[in-house]
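Just below is one structure, and these are the notes that go with it.
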Amino acid sequence: MPEAQQNGVDAAIGILGALAKAGGVARGSDLARDLGIARASFHRICRTLAKAGIVVVEKGEVRVGPACAKFVTASAAALVREDARREQRARGRATPTGVPLLSIEPEPPLLLSPPVMRRRSRRLRIGFSNTSMGNPWRVALVHSVEHAAANLGEEIEWLRVRHAGGDGYQQVRDIQDLLAEGVDGLLVSATIPNAVTDAVASAMALGVSVVLVERGVSADVPHTSFVAADDAVIGRTTALWLAETLRGQGGVVLLSGRADAAPAQLRLAAARETFARFPGITILEAEWTDWERDRARRAVTRAIGRWGEAISGVWCDSGQQGVGSMEAFIEAGYPDGALPPHTGGDINLCYKLAIRHRVRMAAMDYPPAMGVRAVEALHASLAGNWVPRFIDVPADVILSDGAATRSVRSSQRIADHVRWDLPDNLILGSGLGPSYNPRAFRIRYPGNVYNRSAAPQVPL
Amino acid sequence: MTRGVEALASLLTAMAEEPGVTVAQVAGREGIARSTAFDIMRRLEAAGLATRGTSGGIAPGPQAVALGFAGCGVPWLHGPGEAALVWLKDTLGMAAAFGVGETELAALPARGQAPRATRPMRVEAGAAWIEVQVPADASEQLVEATKRNLRRAVALLTA
């Protein structure tokens, strides 16, 4: 007889586990046989459990007893308490005010990941493997992750952040190091999806929860959740706004980010699909700019030379190109109010230029707040909860005054969104509230030193 | 054997009725030897029937709650049901609840200050249901988003 079954407590635990698996009711003789418990012992254990109301024994069947309803009540109360804690942590943070929705968006079913089983009595060890620290957006993402970790307070033992410098091999080593250091949960922003696939799968196989943030891996690689802004929604919404603003007529220039970056590919594909629904819209040029402002400015300067007044609008997948493009029009002598409508967002300067030069603009900030959401998803999974396999961090639709179209309404005005008091290169949409200033950002959480952020200072 | 099982039943009952109670408190009150109580607790944790927080408070584990849901005839709903509520609240900001027949199994309040007037919007699959409270002054866009998200969540209600 196995050792576990020599003990009445283990036998009782076995009975309850088998009963849960069987959907709440099973024949007593089947349970006793399957668990290898002597009939007399089985009945004695069941009688004791029945006395406490945990099971009911009736006509040879064992079923869940009325006392188990209290487990549901306790679980519901715990859910409400955790929800209140989440609200408390979110206090002071900016959250999107509207529900961006277009009728053409697909409607996938909600998919969930089961929790990772772990010992709860130990505090959480969280690792963040970040692709690189190359630009202000990534600084804001790291700040967002640190802010969320700090809000978990004593629940975490440490948060450790590694930057891979854009090197896929380095990122694999970073993930392996974090696993060796004993992380319970990992946040990964993948440099190159294929390069980190095995490392992510290995982490999951070890029982470590992995939440991907902003840049994921292929959908068939095991992971707990992927937290990102829906790039297709960003591309589709901004393109729809531009097409409707132009009343379905005119030539547009498309300025995308990096050809090898999934977010840029998704936004461009969605924008092209949307423009294709307007036969009067002609795509004059489409350029990859590597999200570099100067490349965007040079591309638009060339386009102005070639197409001149035929450019009716400029679609940009981020504010870097938006800034470069508006600067090119200004340099070409376009007076205020005469620049064609633009899309963009993210960067403070993009909004400042749009207001100063009276450019009609639509923007959806790519939100670094996904860092906060990723930590929350990881925390939920490690606390034993199911979590959505994809979490879309919504972005506000930000429009110039009077720029709403039939399908695209603003959830925020540009004039309310811009920060005249903060640097031009400030990334908005961090979700860290109006007092957030990356230059003065200090944070305290278990694992960091002297309240310093893991993100190096990037000049703004 | 019976005393060990009685101690186990006491721990399970206490964790359901008194959130945050500790093993030591239950042991002291019920006359269970501390070492026995902690040994049983370790076994309950390993089986997923109990959890212990960093402060030592004990609570029903996922297997125990699954037993409760099984008692209501919807064992598959534990886990996915609660996750759906959190997701609905996150995406819509509305109060949400799910249940089976007349029994509400879990509910979350609306985000921030609850709206004064609301109307329920519910989807059902068999006896199971999930419901949100839509503010009376919700925009057409928000109502459409609500319908859409409920449609996305309804598949979780079936086994």
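Yes or no, residue by residue, for (1) open to solvent by 20 Å² or more (accessible area, probe 1.4 Å); (2) among the polar types (S, T, N, Q); (3) part of a loop (DSSP other than H, G, I, E, B):
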residue: A:L19; (1), (2), (3): no, no, no
residue: A:G23; (1), (2), (3): yes, no, yes
residue: A:D30; (1), (2), (3): yes, no, no
residue: A:R33; (1), (2), (3): yes, no, no
residue: A:I45; (1), (2), (3): no, no, no
residue: A:A50; (1), (2), (3): yes, no, no
residue: A:G53; (1), (2), (3): no, no, yes
residue: A:V56; (1), (2), (3): yes, no, no
residue: A:R63; (1), (2), (3): yes, no, no
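Quick check on B:L49: is it open to solvent by less than 10 Å² (accessible area, probe 1.4 Å), more than 8 Å from chain A (Cβ to nearest Cβ) and either free of Cβ contacts under 8 Å to residues at least 60 places away in the same chain or under 24 Å from A:D83 (Cβ atoms) (or both)?
no
Among A:D294, A:D290, which is the only one that is farther than 19 Å from A:L399 by Cα, open to solvent by 10 Å² or more (accessible area, probe 1.4 Å) and touching a Lys or Arg at 6+ places or on another chain (Cβ under 6 Å)?
When all the criteria are applied, what remains is A:D290.
Report whether or not A:L79 is within 40 Å of the chain's Cα centre (by Cα), in a helix (DSSP H, G or I), within 7 Å of chain B (Cβ to nearest Cβ) and in contact (Cβ under 8 Å) with a residue 40 or more places away in the chain.
So A:L79 fails the test.
Could you list, in sequence order, the residues of segment B:9-28 that are buried (at least 18 other Cβ atoms within 10 Å of the Cβ), more than 20 Å from A:K51 (Cβ to Cβ) and within 10 Å of chain A (Cβ to nearest Cβ)?
none
Within segment A:426-452, which residues are open to solvent by 30 Å² or more (accessible area, probe 1.4 Å), at negative phi and either out of contact with any strand residue (DSSP E or B) (no Cβ under 6 Å at 6 or more places or on another chain) or among the small types (G, A, S) (or both)?
A:P434, A:S435, A:N437, A:R439, A:A440, A:R442, A:R444, A:N448, A:V449, A:R452
Any residue at all in segment A:389-402 that's more than 24 Å from A:R236 (Cα to Cα), under 12 Å from the mean Cα position of the chain (by Cα) and within 13 Å of another protein chain (Cβ to nearest Cβ)?
Scanning segment A:389-402, I find no residue that is more than 24 Å from A:R236 (Cα to Cα), under 12 Å from the mean Cα position of the chain (by Cα) and within 13 Å of another protein chain (Cβ to nearest Cβ), so the answer is no.
With the checklist (1) farther than 19 Å from A:V80 by Cβ; (2) more than 9 Å from every other protein chain (Cβ to nearest Cβ); (3) touching a Ser or Thr at 6+ places or on another chain (Cβ under 8 Å); (4) open to solvent by 10 Å² or more (accessible area, probe 1.4 Å) in hand, flag the one item B:F38 doesn't pass.
(3)
Tell me which strands (runs of 3 or more DSSP E) are completely within segment A:339-402 and hold 1 or more residues being open to solvent by 10 Å² or more (accessible area, probe 1.4 Å) and either in contact (Cβ under 8 Å) with a residue 24 or more places away in the chain or in contact with a Lys or Arg (Cβ under 7 Å, 6 or more places away or on another chain) (or both), or say none if there are none.
Passing ranges, in order: A:390-392.
Of all residues in segment A:133-156, which are surrounded by fewer than 16 Cβ atoms within 10 Å (Cβ to Cβ) and of a type in the set (D, E, K, R)?
Scanning segment A:133-156 gives a single hit, A:E154.
Can you spot a residue in segment A:309-329 that is open to solvent by 10 Å² or more (accessible area, probe 1.4 Å), assigned to a helix (DSSP H, G or I) and polar (S, T, N, Q)?
yes
Name every residue in segment A:26-73 that is basic (K, R), closer than 24 Å to B:V65 by Cβ and facing chain B (nearest Cβ under 7 Å), in order of residue number.
Passing the criteria: only A:K70.
Can you tell me which condition A:D416 does not meet? The list is (1) acidic (D, E); (2) within 12 Å of A:G345 (Cα to Cα); (3) open to solvent by 20 Å² or more (accessible area, probe 1.4 Å), and all the others hold.
Single failed check for A:D416: (2).
The values are calculated or read from the model by the stated rules, or taken from the named source; none is laboratory data. Bear in mind that the values here come from a model prediction, so they are computed numbers and not experimental data. Glycine also receives a Cβ, built like all others from the backbone with ideal geometry; neighbour counts cover every protein chain displayed. Quick note on the areas: whole protein, heavy atoms, side chains included, nothing else; ligands and nucleic acids left out. Shrake-Rupley method; radii C 1.70, N 1.55, O 1.52, S 1.80 Å.
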